[in-house]
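What follows is one structure encoded as structure tokens, with my remarks underneath.
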Amino acid sequence: MSTPLFCLKPGLRLVLASASPRRRSFMEEWGLPFDVCVPEAAEPRPLPGEEPDAYVRRAAAAKARAALALVGGPSSGLLLLAADTIVALGSRLLGKPGDDADALRMLHDLSGKEHHVISGVCLITPDGREESFSESSSVRFHPWPDDILRAYVRTGEPLDKAGAYAIQGQGAFLVAEVRGSWSNVVGLPVTRLAARLLEQGWIHPSNTGTPR
């Protein structure tokens with residue numbers, strides 16, 4: 001078993017309010033113990049004229065509050081983390097496709113163009129406060145022809161992904177360029193998140209073993 005990168009503050013319980021395997025893997029790679037609580041409440045719909053970053057922060061906060069209710073409310077031993085990620089093509093928000101035809105339409109719309117992937121993060125801290133932030137990354141697709149996009153849709157991967165692609169999966173070939181945080185495109189801006197958790201003393205570097 002590999003040495004953990006980070007450790008939780010003693011007495012603290014980390015709860016991840018997400019069903020995303022990508023977000024779980026980031027916590028596992030850091031070596032942090034955590035519980036998963038996935039609220040069943042539907043994500044809120046964007047409000048008229050609402051900016052994408054404001055919407056995704058609101059969606060992450062709604063997920064955090066729903067999960068908090070399931071785990072029994074705030075406590076001095078609880079740190080709850082929720083996140084939500086959207087794809088914005090201009091003023092249009094692209095969620096998860098409804099079916100293969102919808103996925104193909106999204107991929108055609110993104111092909112050869114630049115779009116933004118925006119993640120909202122909400123933390124409910126041990127003293128019961130809500131902290132939220134958002135991060136945006138620019139992504140440019142290569143202009144792929146229809147038969148290539150159809151082949152990708154047939155893999156089934158696009159169906160549960162915002163914008164109908166996964167940069168960390170088979171869909172990596174679609175992307176020609178990323179400006180900003182790569183992990184943000186996957187679903188969690190880990191640099192900014194780690195900095196905040198370390199700053200507050202909720203996690204600390206592991207001191208197990210001796211660096212070589």
Can you pull out the residues in region 83-113 that are at pLDDT below 95, touching a strand residue (DSSP E or B) at 6+ places or on another chain (Cβ under 9 Å) and polar (S, T, N, Q)?
85
Looking only at residues in region 117-146 that are of a type outside the set (D, E, K, R) and either at pLDDT below 95 or part of a loop (DSSP other than H, G, I, E, B) (or both), which one is farthest from residue 56 (Cα to Cα)?
145
For region 44-62, does any single residue satisfy the condition of being open to solvent by less than 40 Å² (accessible area, probe 1.4 Å) and touching a helix residue (DSSP H, G or I) at 6+ places or on another chain (Cβ under 8 Å)?
yes
Between a first residue in region 93-122 that is farther than 11 Å from residue 163 by Cβ and a second residue that is assigned to a loop (DSSP other than H, G, I, E, B) and of a type outside the set (Val, Ile, Thr), which pairs have beta carbons less than 6 Å apart while being 6 or more apart in sequence or on different chains?
111/143; 111/144; 112/143; 119/189
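Yes/no per residue for (1) part of a loop (DSSP other than H, G, I, E, B); (2) within 21 Å of residue 82 (Cβ to Cβ); (3) open to solvent by less than 10 Å² (accessible area, probe 1.4 Å):
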{"site": "148", "(1), (2), (3)": "no, no, no"}
{"site": "152", "(1), (2), (3)": "no, no, yes"}
{"site": "158", "(1), (2), (3)": "no, no, yes"}
{"site": "163", "(1), (2), (3)": "no, yes, yes"}
{"site": "166", "(1), (2), (3)": "yes, yes, yes"}
{"site": "173", "(1), (2), (3)": "no, no, no"}
{"site": "177", "(1), (2), (3)": "no, no, no"}
{"site": "184", "(1), (2), (3)": "no, yes, yes"}
Select from region 187-212 the residues that are modelled with pLDDT under 95 and either of a type outside the set (Ser, Thr, Tyr) or touching a Pro at 6+ places or on another chain (Cβ under 6 Å) (or both) and list them in ascending order.
187, 206, 207, 209, 211, 212
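The values are calculated or read from the model by the stated rules, or taken from the named source; none is laboratory data. Just so we're clear, the structure is a prediction, and the values are computed from it rather than from any experiment. Quick reminder, even Gly has a Cβ in these numbers, built from the backbone with ideal geometry, and neighbours come from all protein chains shown. Protein only, heavy atoms only, side chains kept; ligands, DNA and RNA dropped before computing areas. Shrake-Rupley method; radii C 1.70, N 1.55, O 1.52, S 1.80 Å.
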